[in-house]
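Student: I am attaching a structure below and will ask some questions about it afterwards.
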Amino acid sequence: MEGSGTGLDRFIVLTGGPGSGKSTLIDRLEMLGYSRTEEAGRAIIQDQSAIGGRALPWADKDLFAELMLSWELRSHRAAAAQGPGPVFFDRGVVDVIGYLRLEGRPVPDHVHRAALRHRYHRRVFAAPPWPEIFRNDAERKQSVEEAERTYTAVTGAYEDYGYELVTLPKAPVEVRTRFLLDNIPLS
């Protein structure tokens, strides 16, 4: 597979369904001084809602996916421009493919090419569905069942693109943080 040639080993993706503790874990890593990206979906929903836009998962799924792809490509470029050290991604390009599959949409060639060209560390950390901590909010309107289907779609997409999935434990954020840091080479 192709790669961007820059930083692949230091680009660490966290994926999974909504409401499984990914963002909480990335927030903790940031508090510890690590670089991170922001989740595309939540930010796009906030922006589009604020301006009355239609790129929302409940209004125009294809446009929403295109904006997520653009966001993830920008995040990848910005991470490549940062100094040395790991960058933790709150989802990645392959999540867009998982989303499209979840919604029964075709994966356009340009999205496939983006996933091949913009690579991450071979280990992708997956936060499994965790109904006990799942909560809806203004941006998260999915049910627990849809969160579980999302998990299956995104983890399947990462496997299809050659990544090794490492399942995060359902444990307090401190335990998850230690587990993640113990399972990646930090240089």
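Student: Please specify each residue of the stretch 60-92 satisfying the condition of being in contact with a helix residue (DSSP H, G or I) (Cβ under 8 Å, 6 or more places away or on another chain) and outside any helix (DSSP H, G or I).
Tutor: PRO84, GLY85, PRO86, VAL87, PHE88, PHE89, ASP90, ARG91, GLY92
Student: Among the residues of the stretch 1-39, which ones are farther than 19 Å from ARG123 by Cβ, at pLDDT 90 or above and of a type in the set (Gly, Ala, Ser)?
Tutor: GLY33
Student: When you scan the stretch 6-42, how many residues do you find that are in contact (Cβ under 8 Å) with a residue 60 or more places away in the chain and either in contact with a Phe, Trp or Tyr (Cβ under 8 Å, 6 or more places away or on another chain) or of a type outside the set (Val, Ile, Thr) (or both)?
Tutor: Of the residues in that region, 24 qualify.
Student: Starting from the stretch 43-68, take each residue that is without any contact (Cβ under 8 Å) to a residue 60 or more places away in the chain and list its partners that are among the polar types (S, T, N, Q) and crowded, with 17+ Cβ neighbours inside 10 Å, counting only C-beta distances under 6 angstrom and pairs at least six apart or across chains.
Tutor: Note: pairs meeting the criteria are ALA55/GLN48; LEU56/GLN48.
Student: Report whether or not ASP47 is of a type in the set (Asp, Glu), exposed (fewer than 15 other Cβ atoms within 10 Å of the Cβ) and modelled with pLDDT of 90 or more.
Tutor: On the way: of a type in the set (Asp, Glu): yes; exposed (fewer than 15 other Cβ atoms within 10 Å of the Cβ): yes; modelled with pLDDT of 90 or more: yes.
Yes.
Student: Any chance you could count how many residues in the stretch 166-182 are under 16 Å from the mean Cα position of the chain (by Cα) and surrounded by fewer than 16 Cβ atoms within 10 Å (Cβ to Cβ)?
Tutor: Summing the residues that are under 16 Å from the mean Cα position of the chain (by Cα) and surrounded by fewer than 16 Cβ atoms within 10 Å (Cβ to Cβ) in the stretch 166-182 gives 2.
The values are calculated or read from the model by the stated rules, or taken from the named source; none is laboratory data. What you see is a predicted model, and the numbers here were worked out from it, not measured in a lab. In this analysis, Cβ positions are derived from the backbone assuming ideal geometry, glycine residues included, and neighbour counts consider all displayed protein chains.
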